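Single-structure report; data block below.
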Amino acid sequence: MAENPAFYRDRAREQREAAEATTLVNVRNRCISAAETWERMAERGEGIGRGQAERLVAATPAE
């Protein structure tokens, strides 16, 4: 789960939905901030996955 971008994107979507549903400005701002944080975590997880794949390819001996 820690490197699962889909999980993080789902949490970001939930926070955006909560931001749209609330009438309180401070709650809306908190939800938007949380959504942005979840998106950054998803992007970081995607970067980690790409890096791992690149290292695996580089470590595989050429035939």
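Select, from ARG40, ARG16, ARG9, ARG55, the only residue that is modelled with pLDDT under 75 and either in contact with a Ser or Thr (Cβ under 8 Å, 6 or more places away or on another chain) or of a type in the set (D, E, K, R) (or both). Among ARG40, ARG16, ARG9, ARG55, only ARG55 is modelled with pLDDT under 75 and either in contact with a Ser or Thr (Cβ under 8 Å, 6 or more places away or on another chain) or of a type in the set (D, E, K, R) (or both).
Does ALA35 count as part of a helix (DSSP H, G or I), at pLDDT 90 or above and either among the basic types (Lys, Arg) or surrounded by 12 or more Cβ atoms within 10 Å (Cβ to Cβ) (or both)? Yes.
The values are calculated or read from the model by the stated rules, or taken from the named source; none is laboratory data. Since the model is a prediction, treat every value here as computed from it, not as a measurement. FYI the Cβ positions are ideal-geometry reconstructions off the backbone, even for glycines, and counts take in every protein chain you see.
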